[in-house]
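The values are calculated or read from the model by the stated rules, or taken from the named source; none is laboratory data. On a predicted model such as this, the values are computed, not experimentally measured, just so you know. Note that we place each Cβ from the backbone using ideal geometry, even for glycine, and neighbour counts take in every protein chain shown. Keep in mind that these areas ignore ligands, DNA and RNA; they rest on the heavy atoms of the full protein, side chains included. Shrake-Rupley method; radii C 1.70, N 1.55, O 1.52, S 1.80 Å.
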Amino acid sequence: MLSRAADLFDQDRPGQMALAISEAGKSLPNAAAEVREAVDFLRYYASRIRSAPAGIPLGTVVCISPWNFPLAIFAGQIGAALAAGNVVLAKPAEQTPLIAYRAVRLLREAGIPAQALQLLPGAGDEVGAQLVADPRVKGVVFTGSSEVAATIHRVLARR
(Lines give C-alpha, C1' and ligand atoms only; values in the text may rest on other atoms or scores of the structure.)
Protein backbone atom coordinates (compact mmCIF):
# COMPACT_ATOMS: atom_id res chain seq x y z
CA MET A 1 0.00 0.00 0.00
CA LEU A 2 2.88 2.39 0.71
CA SER A 3 4.35 1.64 -2.73
CA ARG A 4 1.00 2.28 -4.34
CA ALA A 5 0.72 5.53 -2.36
CA ALA A 6 4.15 6.60 -3.63
CA ASP A 7 2.94 6.04 -7.20
CA LEU A 8 -0.23 8.03 -6.52
CA PHE A 9 1.73 10.88 -4.94
CA ASP A 10 3.99 10.90 -8.00
CA GLN A 11 1.00 10.99 -10.36
CA ASP A 12 -0.56 13.81 -8.33
CA ARG A 13 2.63 15.89 -8.35
CA PRO A 14 1.10 19.03 -9.95
CA GLY A 15 -1.75 19.19 -7.44
CA GLN A 16 0.49 18.64 -4.47
CA MET A 17 2.99 21.19 -5.75
CA ALA A 18 0.22 23.75 -6.14
CA LEU A 19 -0.84 23.23 -2.53
CA ALA A 20 2.77 23.39 -1.28
CA ILE A 21 3.13 26.73 -3.07
CA SER A 22 -0.20 28.20 -1.95
CA GLU A 23 -0.32 26.88 1.64
CA ALA A 24 3.35 26.75 2.66
CA GLY A 25 4.76 29.45 0.38
CA LYS A 26 7.16 27.06 -1.35
CA SER A 27 8.91 28.13 -4.54
CA LEU A 28 8.31 25.98 -7.62
CA PRO A 29 11.66 24.11 -7.28
CA ASN A 30 11.10 23.61 -3.53
CA ALA A 31 7.57 22.35 -4.11
CA ALA A 32 8.87 19.83 -6.66
CA ALA A 33 11.53 18.69 -4.17
CA GLU A 34 8.89 18.40 -1.43
CA VAL A 35 6.82 15.98 -3.50
CA ARG A 36 9.92 14.01 -4.59
CA GLU A 37 10.98 13.60 -0.97
CA ALA A 38 7.49 12.45 0.08
CA VAL A 39 7.53 9.83 -2.68
CA ASP A 40 11.03 8.74 -1.63
CA PHE A 41 9.95 8.36 2.01
CA LEU A 42 6.96 6.22 1.06
CA ARG A 43 9.06 4.01 -1.21
CA TYR A 44 11.77 3.70 1.44
CA TYR A 45 9.37 2.52 4.16
CA ALA A 46 7.64 0.19 1.71
CA SER A 47 10.99 -1.42 0.89
CA ARG A 48 11.96 -1.64 4.58
CA ILE A 49 8.80 -3.52 5.50
CA ARG A 50 9.36 -5.95 2.62
CA SER A 51 12.93 -6.70 3.67
CA ALA A 52 12.44 -6.84 7.44
CA PRO A 53 9.15 -7.61 9.13
CA ALA A 54 7.90 -5.08 11.64
CA GLY A 55 8.56 -5.73 15.29
CA ILE A 56 5.86 -5.37 17.87
CA PRO A 57 3.74 -2.31 17.09
CA LEU A 58 3.33 0.31 19.78
CA GLY A 59 -0.38 0.80 19.07
CA THR A 60 -1.73 4.28 18.42
CA VAL A 61 0.93 6.76 17.30
CA VAL A 62 0.46 10.49 16.83
CA CYS A 63 2.41 12.07 13.95
CA ILE A 64 2.81 15.85 14.26
CA SER A 65 4.39 17.50 11.24
CA PRO A 66 5.69 21.04 10.61
CA TRP A 67 4.40 23.74 8.27
CA ASN A 68 7.71 24.12 6.43
CA PHE A 69 7.75 20.51 5.13
CA PRO A 70 4.01 19.88 4.98
CA LEU A 71 4.12 16.89 2.65
CA ALA A 72 7.54 15.26 2.87
CA ILE A 73 7.78 15.02 6.65
CA PHE A 74 4.05 14.37 6.95
CA ALA A 75 4.28 11.40 4.56
CA GLY A 76 7.55 10.18 6.07
CA GLN A 77 6.22 10.13 9.62
CA ILE A 78 3.01 8.38 8.58
CA GLY A 79 4.85 5.89 6.35
CA ALA A 80 7.26 4.95 9.14
CA ALA A 81 4.53 4.52 11.74
CA LEU A 82 2.31 2.48 9.41
CA ALA A 83 5.22 0.31 8.27
CA ALA A 84 5.91 -0.49 11.92
CA GLY A 85 2.32 -1.73 12.22
CA ASN A 86 0.84 1.17 14.18
CA VAL A 87 -2.44 3.02 13.93
CA VAL A 88 -1.74 6.66 13.04
CA LEU A 89 -3.39 9.86 14.15
CA ALA A 90 -1.92 12.44 11.77
CA LYS A 91 -1.87 16.02 13.06
CA PRO A 92 -0.53 18.37 10.37
CA ALA A 93 0.63 21.91 11.04
CA GLU A 94 -2.37 24.18 11.41
CA GLN A 95 -1.11 26.26 8.44
CA THR A 96 -1.17 23.33 5.98
CA PRO A 97 -4.32 21.24 6.40
CA LEU A 98 -5.21 21.05 2.70
CA ILE A 99 -1.99 19.39 1.58
CA ALA A 100 -2.35 16.97 4.52
CA TYR A 101 -5.93 16.19 3.52
CA ARG A 102 -4.85 15.51 -0.05
CA ALA A 103 -2.03 13.24 1.16
CA VAL A 104 -4.36 11.24 3.41
CA ARG A 105 -6.89 10.95 0.60
CA LEU A 106 -4.16 9.45 -1.63
CA LEU A 107 -2.99 7.09 1.14
CA ARG A 108 -6.57 5.87 1.52
CA GLU A 109 -6.87 5.47 -2.26
CA ALA A 110 -3.75 3.29 -2.05
CA GLY A 111 -5.55 1.01 0.39
CA ILE A 112 -4.66 2.35 3.83
CA PRO A 113 -7.90 1.89 5.79
CA ALA A 114 -9.51 4.68 7.78
CA GLN A 115 -9.12 2.49 10.89
CA ALA A 116 -5.34 2.71 10.43
CA LEU A 117 -5.02 6.40 9.55
CA GLN A 118 -7.01 9.39 10.74
CA LEU A 119 -6.38 13.05 9.92
CA LEU A 120 -6.83 15.46 12.84
CA PRO A 121 -6.14 19.04 11.69
CA GLY A 122 -6.26 21.95 14.08
CA ALA A 123 -4.19 24.13 16.36
CA GLY A 124 -1.25 22.48 18.04
CA ASP A 125 -2.05 23.87 21.46
CA GLU A 126 -5.55 22.39 21.21
CA VAL A 127 -5.58 19.26 19.05
CA GLY A 128 -1.92 18.36 19.40
CA ALA A 129 -1.89 18.91 23.15
CA GLN A 130 -4.94 16.68 23.67
CA LEU A 131 -3.46 13.93 21.53
CA VAL A 132 -0.11 13.96 23.31
CA ALA A 133 -1.78 13.93 26.74
CA ASP A 134 -4.13 11.04 25.91
CA PRO A 135 -2.97 7.83 27.66
CA ARG A 136 -4.23 5.72 24.74
CA VAL A 137 -1.48 7.24 22.58
CA LYS A 138 1.57 4.97 22.79
CA GLY A 139 4.01 7.00 20.71
CA VAL A 140 4.55 10.48 19.30
CA VAL A 141 6.51 11.32 16.16
CA PHE A 142 7.24 15.04 16.10
CA THR A 143 9.18 17.41 13.90
CA GLY A 144 9.13 21.06 14.88
CA SER A 145 10.54 23.54 17.36
CA SER A 146 12.70 22.60 20.33
CA GLU A 147 10.26 24.44 22.59
CA VAL A 148 7.30 22.31 21.51
CA ALA A 149 9.44 19.17 21.63
CA ALA A 150 10.33 19.95 25.25
CA THR A 151 6.64 20.43 26.09
CA ILE A 152 5.75 17.12 24.46
CA HIS A 153 8.58 15.44 26.37
CA ARG A 154 7.31 16.81 29.70
CA VAL A 155 3.74 15.67 29.00
CA LEU A 156 4.87 12.19 27.99
CA ALA A 157 7.18 11.92 31.00
CA ARG A 158 4.24 12.60 33.33
CA ARG A 159 2.36 9.70 31.77
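Taking the stated definitions as given, is residue 74 open to solvent by 40 Å² or more (accessible area, probe 1.4 Å), at pLDDT 95 or above and among the hydrophobic types (A, V, I, L, M, F, W, C)? Here the answer is no, as residue 74 does not meet what is asked. Counting only residues that are under 11 Å from residue 79 (Cα atoms) and part of a helix (DSSP H, G or I), the range 1-46 holds 13 of them. Just one of (1) touching a helix residue (DSSP H, G or I) at 6+ places or on another chain (Cβ under 9 Å); (2) at pLDDT below 95 fails for residue 51. It is (1).
If you check 82, 89 for being under 19 Å from residue 138 (Cβ atoms), surrounded by fewer than 24 Cβ atoms within 10 Å (Cβ to Cβ) and of a type in the set (A, V, I, L, M, F, W, C), only one passes: 89.
A single member of 100, 110, 149, 93 is more than 20 Å from residue 22 (Cα to Cα) and in contact (Cβ under 8 Å) with a residue 12 or more places away in the chain, and it is 110.
Within the range 95-129, the residues that satisfy the criterion of being over 15 Å from residue 42 (Cα atoms) and in contact with a Phe, Trp or Tyr (Cβ under 8 Å, 6 or more places away or on another chain) are 95, 96, 99, 119, 121.
Listed by position, the strands (runs of 3 or more DSSP E) contained in the range 80-159 that have at least 1 residues being modelled with pLDDT of 95 or more and in contact with a Pro (Cβ under 6 Å, 6 or more places away or on another chain) form an empty set.
Look at (1) open to solvent by 30 Å² or more (accessible area, probe 1.4 Å); (2) not in a helix (DSSP H, G or I) and you find that residue 62 fails only one, number (1).
When the range 68-79 is filtered for residues that are in contact with an Asp or Glu (Cβ under 8 Å, 6 or more places away or on another chain) and in a loop (DSSP other than H, G, I, E, B), the ones remaining, listed by number, are 69, 70, 71. Consider residue 136 carefully, then state whether it is open to solvent by 60 Å² or more (accessible area, probe 1.4 Å), over 18 Å from the mean Cα position of the chain (by Cα) and touching a residue at least 60 places away in the same chain (Cβ under 8 Å). Yes. Checking every residue in the range 31-45 against the condition of being more than 30 Å from residue 133 (Cβ to Cβ), at pLDDT 95 or above and β-branched (Val, Ile, Thr) gives at least one match. Within the range 4-21, none of the residues are aliphatic (A, V, I, L, M), over 12 Å from residue 103 (Cα atoms) and open to solvent by less than 50 Å² (accessible area, probe 1.4 Å). Within the range 3-15, is there a residue that is within 28 Å of residue 151 (Cβ to Cβ), at pLDDT 95 or above and not polar (S, T, N, Q)? No, that holds for no residue.
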